[in-house]
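A short reminder: the numbers here are calculations on the coordinates, not readings from a lab. The structure displayed is predicted, hence computed values, not measured ones. Positions of Cβ are backbone-derived with ideal geometry, glycine not excepted, and every protein chain shown enters the neighbour counts.
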Amino acid sequence: MELIDHCSQPRREWRPGVLTRMRVSALTDASALSIFEQWCEPGLGAPTHWHPAEEVLTVLSGVAEIWIDGERVRANAGYSALIPAKRRHGFRNCGDGELHMLAVLASPIFEAQFDGSTEVTRRWMPGSEV
């Protein structure tokens, strides 16, 4: 068994004001899931998108507004939202401090279709840097 040292995994700027650390994915030999963290500045987060797989979003610290289709909720630290596959969703930091999120995606490769884009985003695939 090989342990994964998350402290040595870099935080990378995914989009301005949003840092991401991939903890587990196809790059760490996962076959069925991805686990990653995001740190978001106030007002920022993940724009509306969908995945072909189920996802769980957990607020580790801060306050998030999370939406699925037309429904919006406010979530504090310690709360999770289960996002069914193929449902349009997103989140943003609606607090004054940093928002720290944990995401678990039922796929070893991050794949998403963002609103306003005709291209599918794919990340953390073998042979790729991120």
Which Cα, out of 91, 14, 4, lies furthest along the positive dipole direction of the chain (beta carbon charges, K/R +1, D/E -1)? 91
Evaluate the charge dipole of segment 62-130 about its Cα centre and quote only its size in Debye, nearest 20, assuming +1 on the Cβ of each Lys and Arg and -1 on the Cβ of each Asp and Glu. 200
So the compactness index of segment 34-119, its C-alpha Rg divided by 2.2 N^0.38 Å, takes the value 1.00
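Rounded to the nearest 20 Debye, what is the dipole magnitude of the chain about its Cα centre when Lys and Arg each give +1 and Asp and Glu each give -1 at the C-beta? Walk me through the intermediate numbers first.
Working: 13 positive and 17 negative charges, 36 e Å.
Using only the charged Cβ atoms, the result is roughly 180 debye.
What relative contact order, as a whole-number percentage, does segment 31-89 give when Cα pairs under 8 Å and 6 or more residues apart are counted? Mind showing how you got there, number by number?
Numbers: 81 pairs, mean separation 22.4, N = 59.
Normalised by residue count, the contact order of segment 31-89 is 38 percent.
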Determine one quarter of the surface area of the Cα convex hull of segment 1-73, which equals its mean projected area, and express it in nm² to one decimal. 6.1
Candidates 56, 104, 120; GNM for the chain (alpha-carbon contacts under 10 Å) flags as most fluctuating 120
So what is log10(I(q)/I(0)) for segment 44-91 at q = 0.24 1/Å, when the Debye sum runs over its Cα atoms only? -0.85
